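Structure, as structure tokens:
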Amino acid sequence: MGLIDRAMGVLFGSGRNVVAETAEVFRVNAEARDAREAGLRGEALAQFGAEFAKARRSRFDRLMDGLNRLPRPALALGTLGLFISAMWDPEWFGARMQGLSLVPEPMWWLLTAIVGFYFGARHQTKGQEFRREIAAVVAAAPAVRTVAPVERDAGENPALSDWRESTER
């Protein structure tokens, strides 16, 4: 019994588990890996939440954003309504289309310019907002804590070493 106790003491004694430590050389500790991945996932979610958090806006800003969202659905639904009305009451539809054919061509150009500039300006505004948000995220990127890789390559990679040095500055 003394020999077995000493052997078990060597393997599992003094707060160490030699079997587990030896096995971890050949296989990643699943519990530690899961803990690292959970931490990394939590940090990524926190970063995404910070990226997409919007500043508090006034009632007027929210109202104007709501009004700015109306023209596209109104145009789409209005066009569908025209198709439905053409099938429902062709005479009524024909009278309306005959009226549209009397509109002078310069007024169609004006309508095209107004609608084009409206949607173009909105597209440009949203694009600038998006670029501003990306710039803010990139500016905050050095503050994001990096997580050590789970496993390292056996060979040294010069590009990876340069990248690690640049992120540690």
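All of the numbers you see were taken from the coordinates with simple rules; none came from a lab. Values in this document were obtained by computation on a predicted structure and should not be read as measured data. Glycine gets a Cβ as well: all are built from the backbone with ideal geometry, and neighbour counts include every protein chain shown.
Taking R0 as 45 Å, what's the FRET efficiency between D61 and L160 from their Cβ-Cβ distance, rounded to 0.05?
It comes to 0.50.
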Net +/- balance of residues flanking L75 in space, Cβ distance below 15 Å, scoring K and R +1, D and E -1 | +3
Work out from phi, with θ = phi - 60° and the Karplus expression 6.51 cos²θ - 1.76 cosθ + 1.60, the ³J(HN,Hα) of each residue of the range 76-88, listed in order in whole Hz, and give x for Gly and Pro.
-> 5, 5, x, 5, 4, x, 5, 5, 5, 5, 5, 7, 6
Label-to-label distance, nm, for residues given as L80 and F130 (7 Å Cα→Cβ offset) = 2.5
Whole-Hz ³J(HN,Hα) from phi, Karplus 6.51 cos²θ - 1.76 cosθ + 1.60, for the range 58-63, glycine and proline x | 6, 4, 4, 4, 5, 5
